[in-house]
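Okay, so here's the structure we're looking at.
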Amino acid sequence: DLDRARILAVSAPHSGDWLHATPSANCGLFLENEELRVAVCVRIGATICVPHDCSCGTKVDAQGLHGFSCKKGAGKHIRHRLINDTVWRSFLRAKNQAQKEPAGLSVFTRGQNGTTSLKQPDGATLIPWKRGRSVTWDVTVADTFATSFLPLTSLEAGSAAERAASLKNKKYEELARNHIFIPLACEVTGNWCSEAIDF
């Protein structure tokens, strides 16, 4: 299942678009040697690291894929922040003022255990985008190889991103009444949800 998910993911349209990006540090598109090595190893299924015990208690195999979803790993937050920064800068370059984590656009969400929490989208345009409504967006990065997604991703490329986008749409459905909400859901293998690609 793991190999099937990987092969489907790297064969999907747009999953390799990053390989064609100009490696510009000013645009946030420059990969360090180690980042490039890991990205290529994930794409071809090569060994990434020496098997070891993670600080969270999980045994990490030579493919090193556990790092994409480790609860104690910092990678998830960095990936999220970098994508959000890139989207925000793109709006600014297009002369459309946008704000990250805008105040006043928070919504209450209910968790599976019945608790409620206040969530806010990752960004919003400050002027209308279409039909008099501003765009709001929220970034999420799904692990293609996570145990919870593997039954989906081993059958269809991009299904983890589509599932994550569906959850984001549900979370922010109240916000979508007055704004154009875009879930920017992608997978660690480079697949994006259809809404993000269209956007």
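Okay, here's what the table says:
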{"read-out": "F181 long-range amide H proximity, modeled H, under 5 Å", "value": "T136"}
{"read-out": "Residue-averaged [θ]222 nm for the chain, counting only DSSP H segments that reach four residues, each worth -39500 (n - 2.57)", "value": "-9500 deg cm²/dmol"}
{"read-out": "All Cα pairs of segment 1-56, percent lying beyond 20 Å", "value": "40 percent"}
{"read-out": "Point-to-point label distance, H14-R37, nm (Cα→Cβ direction, 7 Å offset)", "value": "3.1 nm"}
{"read-out": "Kirkwood-based shape ratio for segment 125-168, expressed as Rg/Rh from alpha carbons", "value": "1.21"}
{"read-out": "For segment 86-199: span of alpha carbons on each principal axis (Å, largest first)", "value": "41, 36, 21"}
{"read-out": "K100, K130, ranked by accessible area, largest first (probe 1.4 Å)", "value": "K130, K100"}
{"read-out": "Nearest-10 value in Å² for the accessible area of K76, using the 1.4 Å probe", "value": "70 Å²"}
{"read-out": "I78 accessible area, 1.4 Å probe, all protein chains in place, Å² to nearest 10", "value": "80 Å²"}
{"read-out": "Solution diffusion estimate, µm²/s, Stokes-Einstein, the chain, Kirkwood Rh from C-alpha pairs, 37 °C, viscosity 0.692 mPa s", "value": "181 µm²/s"}
{"read-out": "Gap separating the Cα centres of segment 140-157 and segment 72-102, nearest whole Å", "value": "24 Å"}
{"read-out": "Against the rule of thumb 2.2 N^0.38 Å, how large the Cα Rg of segment 12-114 comes out", "value": "1.39"}
{"read-out": "Cross-link partners of K168 among aspartates and glutamates (Cα-Cα below 17 Å; sequence separation of 8 or more within a chain)", "value": "E101, D122, D138, D143, E187, E195, D198"}
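The values are calculated or read from the model by the stated rules, or taken from the named source; none is laboratory data. Keep in mind that this is a model prediction, so the values were computed, not measured. Because the Cβ atoms are built from the backbone with ideal geometry, glycine has one as well, and the counts that use them run over all protein chains shown. Accessible surface is based on the protein model in full, side chains and every heavy atom, while ligands, DNA and RNA are left aside. Shrake-Rupley method; radii C 1.70, N 1.55, O 1.52, S 1.80 Å.
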